[in-house]
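J.: Sending over a structure as C-alpha cells; questions will come in a sec.
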Amino acid sequence: MIKTMSIVHFHFLLIVFVLSPSVSAFAQFGDIHTGSSVPRDVREMYDRGLEYLAKTQNDSGAWNGGQSGAGITGMAVMCFLASGEDPNFGKYAGHIRRGLRSMISEQNESTGYFGNSMYHHGFAMLAIAEAYGTVDDRNLWSDPGGKNQRSIGSSLELAVRAAVTSQKKNSQKAWRYSPDGNDADTSVAGAVLMGLLAARNAGIEVPDESIDGAIAYYVSMTAPSGQVAYSGGIGGFDESLARISIGSLVYAISRRKDLPQYKATLGYLTDRIQGGSSGHGGVEYQNYYQAQALFQGDLDSWEKWNKNLIRQLKASQQPDGSFPGTHGVSVSTTLSLLALAVNYRLLPIYER
C-alpha cells in the first residue's frame, strides 16, 4: 500500500531539497528527519494498533474503554493522521472524518471549549490543528449546515480563543482543569500549550503574549537541575520524567532552546534514557512526551531510547492490537501509538 504524506510535510521536504548542496547530503539528512525508513516491527505494531482503533470507534465517532471525551478522540485521530495514509481517501479517511465530526460537535459554539477539562481541550485543539490543511472540509459533513457544524479552521480558531480567554483569567498565565481555574499545573498547561503551538504552526493567529506567558510559567516551575514541579508555584521538584519531558518539549516547539531551563531539562532526560520515574500520569503518558522531547532535542539519545520503547511495546501489545495501561485501553493505545509515530515523522508537530 502506498503511503502519502501531509501537504505541510511535503513542502518541508521540498525546501530541504532545494537548500541542500547535494543530493547525497539530502539522503543523509532524510533518514532521521523524514521517516523515510520506518522499522518493519514499528510498522507492524502501528498497523495492528490502528486496526484496533478502527474497530473500537463508536457510531458517534468517539472511543470508549476507560476515559472518553474530545481529547481522547483527538489523540486517536492523530494516530490515524500520523500513519501516512491519505486522510481524505485512504483506508482510515472515514474514521478520521467521524472523529473530527465528533470533536467539533462537542465543542461549545459560543466559547470554543471542547469540554470535560482543559486536558481534553488541549489534546482536541492539537488534533484539530494537525488536521487543518490536510483534511478536506468539503468531505467532512455529509449534511452541511446542521447545528454546530463548522469548518476545521473555524473550530481551531474558536479553540484558540477559548484557551487564550482561560489563560487571561489565570493568575499564573497557564491552565488548570477548569477553563475558569485560577491556579495551574505543568501537565494540563502542557496539553493546552502544545495545542496553541500547533495552531500557530498551522497559520492560526495566536497572541505572542499568550505563548510568552506560558513559557514564563514553565521557567518558574523548572529547577536548575532540570526537574519540573507540578503545581503550587516554585518548589515540589522531584523526578517526573513526564513533566520534565513536557517542559523540554514546550521550550523546543516554542523555539526557546536558548533558555538555560531548556538545556537543563534536556540534559536531565539524556542522562536518564535507560530509565527513571514516570511520575505524574503513568509510563505511557511519559513515553508520549519523552519521545517528542528527545527527538526535538537530541537525535542520538532519541534513537537509543526509541529502541527500548519498541522492545517494550512489542512485549506489551495485546493480540487485538491494543496496549494496556494506567488510563484505560483507549488512552493507553493512543499514547503508545503516538510515541511510536515519531518514527514516521509525518505529523507537522513532529517535524524538527
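Please treat every number below as a calculation from the coordinates, not as lab data. All figures in this text were calculated on a predicted structure; none of them were measured in a lab. So basically every Cβ, Gly included, is an ideal-geometry build from the backbone, and we count neighbours across all protein chains shown.
J.: What does the C-alpha gyration tensor say about the overall shape of the chain? Classify as rounded when a/c is under 1.5, otherwise prolate if a/b is larger than b/c, or oblate.
T.: Verdict is rounded for the chain.
J.: If I model a spin label at residue 58 and residue 141 as a point 7 Å from the Cα along the Cα→Cβ vector, what separation in nanometres do I get?
T.: 2.3
J.: Can you give me the orientation-averaged projected area of the convex hull built on the Cα atoms of the range 92-200, in nm²?
T.: Its average projected convex-hull area is 6.4 nm².
J.: Set the Förster radius R0 to 41 Å, insert the Cβ-Cβ distance between residue 110 and residue 51 as r into 1/(1 + (r/R0)^6), and round the FRET efficiency to 0.05.
T.: About 0.60, to the nearest 0.05.
J.: So, one more: Let's see if you can work this out: charge +1 on each Lys and Arg Cβ, -1 on each Asp and Glu Cβ, no other charges. What is the dipole magnitude of the range 7-350 about its Cα centre, in debye to the nearest 20?
T.: Dipole of the range 7-350, to the nearest 20 debye: 80 debye.
J.: If you don't mind, there's one more thing I want to ask. Are there trypsin sites (Lys or Arg not before Pro) in the range 132-215 that DSSP marks as loop and that have at most 13 other Cβ atoms within 10 Å, and which are they?
T.: In loop regions of the range 132-215 (DSSP not H, G, I, E or B), the sparsely surrounded trypsin sites (Lys or Arg not before Pro) are 147.
J.: Here's something else I'd like to know. Using +1 at the C-beta of Lys and Arg and -1 at the C-beta of Asp and Glu, which of 65, 54, 82 has the Cα lying farthest in the positive direction of the dipole of the range 50-153?
T.: Most positive-ward Cα: 65.
J.: Which whole-number percent is the relative contact order of the chain (Cα, under 8 Å, 6+ apart)?
T.: Contact order relative to length: 20 percent.
J.: Taking the range 7-350, how many lysine pairs are there with alpha carbons less than 30 Å apart, if each pair must be eight or more places apart or span two chains?
T.: Final tally of qualifying lysine pairs is 19.
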